[in-house]
Amino acid sequence: MQVFEAKKIGKIVVLGTGGTIAGTAASASDHTGYTAGQLGVQHLLDAVPGLNDTLQGATLVGEQVAQLDSKDMDHATWQTLAQRCIHWLAQPDVGGLVITHGTDTLEETAWFLQQVLHSTKPVVLTCAMRPATALAPDGPQNLLDAMAVVLDPMARDVLVVCAGRIHSARDVEKIHPYRLDAFNSGEAGPRGWIEQGRVRWADPGSWPVVHVHARQALALPPADWPWVAVLHSHAGADARQVHALVAAGVKGLVVAGTGNGTVHQDLLNALAQAQAQGVALRLTTRCEEGQIVGQAAALQTAPLGLNVYKARISLMLDLMK
Ligand code: ASP
């Protein structure tokens, strides 16, 4: 899973079509009794804090193509929307498009556009499950994430962004009537994720060789391979585990931390001592899905979001040089 730097593009065009993302309710706690398609696209953009930082110099152009509840989507609107997409995509300084859309028929619009646009530039549909007037609306974050995807060098085609996940037009489906993460891509899974404004693609094409000295393993007798052990952080984690391993001659320790790579303080203190004694350390997470985002702890994070068992192999190969 690879993360790429944002590309430099001149302009991103945001086409508004309505939906809950542009919806308003009488009360901030009302997530269902609202009217979709009330606020204009410029209003939605103005409500996104930190938008300029994400854009990295690209300018935004907003255009209202429609203003409807997407349950009422019609073929005439599709035709107009596709024509506006073609118009903007033909401009050399436009790096990609974001389309704000209701969730109800978003998957249908995405597939229609995928078939008629044949775009190499990214066209990213995004949405919200809560109206813009909600206490904690999801629309601004989805909009920000959609911009990050447009800016990513690997983004192309028609994509859908919702709740931190990127879906293809082919596979995306609305699978839940209420929760924020209402979309799924079935067996195919999401195309990627947006984490802290950065895109992580599920399939980067091929996996890089991280350990340049890995072939040493073919010549070195297995009995001489460096001893690397696995530890887990948990309630009541005991420093004596680390001390015992160090005393027995361990060369490396890979720790499966809790959550985003947090480690019990008792274990962390013992690990710091071990490191001072020359033991190599790597950090992973106990969580089965996702990977550590950002620099979570004092320990070096294992490469490529590997799980603790594969990270153990990686550290062992690292220590062979
Ligand atoms: N009915 C709304 C729409 O599709 C639902 C939503 O956007 O979440 O426009």
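Values quoted throughout were computed directly from the atomic coordinates according to the rules given, and no laboratory measurement underlies them. Owing to the predicted nature of the structure, the values given are computational and were not obtained by experimental measurement. Here the Cβ is made from the backbone with ideal geometry for all residues, glycine too, and neighbour counts use every protein chain on show.
Largest first and in whole Å, the equivalent-ellipsoid semi-axes of the stretch 1-87 read 26, 20, 12, each the square root of five times a Cα gyration tensor eigenvalue. Only Lys, Arg, Asp and Glu carry charge here, each on its Cβ (+1 for the first two, -1 for the last two); on that basis the chain has a dipole of about 1080 debye about its Cα centre. With a cut-off of 12 Å on the backbone N, no residue of the stretch 158-186 is near the modelled label site 7 Å out from residue 304 along Cα-Cβ.
If the chain between residue 170 and residue 30 were fully stretched, how many nm would it gain, using 0.36 nm times the residue separation less the Cα-Cα distance? Walk me through the numbers before you get to the answer.
On the way: separation 140, 0.36 × 140 = 50.40 nm, distance 3.24 nm.
The span from residue 170 to residue 30 would gain 47.2 nm if fully extended.
Report, to one decimal in Å, the Kirkwood hydrodynamic radius for the stretch 77-172 based on all distinct Cα pairs. Don't skip to the end; give the middle numbers.
Values: mean 1/r = 0.0746 Å⁻¹.
Across the stretch 77-172, the inverse of the average 1/r is 13.4 Å.
Residues of the chain were split at every exposed loop site, defined as chymotrypsin sites (Phe, Trp or Tyr not before Pro) in a DSSP loop with at most 15 other C-beta atoms within 10 angstrom, and the longest piece left, sites excluded, is 5-177.
Here r is the Cβ-Cβ distance between residue 287 and residue 86 and R0 is 41 Å; the resulting FRET efficiency, rounded to 0.05, is 0.45.
Highest mobility in the GNM of the chain, judged by mean-square fluctuation with C-alpha springs under 10 Å and restricted to 36, 219, 229, is found for 219.
D for the stretch 87-138, whole µm²/s, Stokes-Einstein with Kirkwood Rh over alpha-carbon pairs at 4 °C and 1.567 mPa s: what number?
Numbers: Rh = 12.6 Å.
Using the Kirkwood radius from Cα pairs, D works out to 103 µm²/s.
A dipole drawn for the chain from +1 and -1 charges on Cβ atoms has a positive end, and of 255, 146, 216 the residue lying farthest that way is 216. Taking the longest Cα principal axis of the chain as reference, the axis of helix 75-89 is set at about 60 degrees.
Quick check: Cα centre of the stretch 83-125 to Cα centre of the stretch 249-321, how many Å? Centre-to-centre (Cα) distance: 42 Å. Among the lysines, which fall within straight-line cross-link reach of residue 321, defined as a Cα-Cα distance under 19 Å, with same-chain neighbours fewer than 8 residues apart omitted? Those lysines meeting the cut-off are 251, 310.
Largest first and in whole Å, the equivalent-ellipsoid semi-axes of the stretch 226-321 read 19, 16, 11, each the square root of five times a Cα gyration tensor eigenvalue. Across all Cα atoms of the stretch 89-248, the radius of gyration (one decimal) and Dmax (whole number) stand at 22.3, 66 Å. On the principal axes of its alpha carbon atoms, the chain extends 73, 44, 36 Å, with the longest extent given first.
Across the stretch 269-317, the volume of the C-alpha convex hull divided among the residues equals 81 Å³ per residue.
Compared with the dominant Cα axis of the chain, that is its longest principal axis, helix 308-318 is turned about 60°. Taking 7 Å steps out from each Cα toward its Cβ at residue 295 and residue 43 produces label points 4.3 nm apart.
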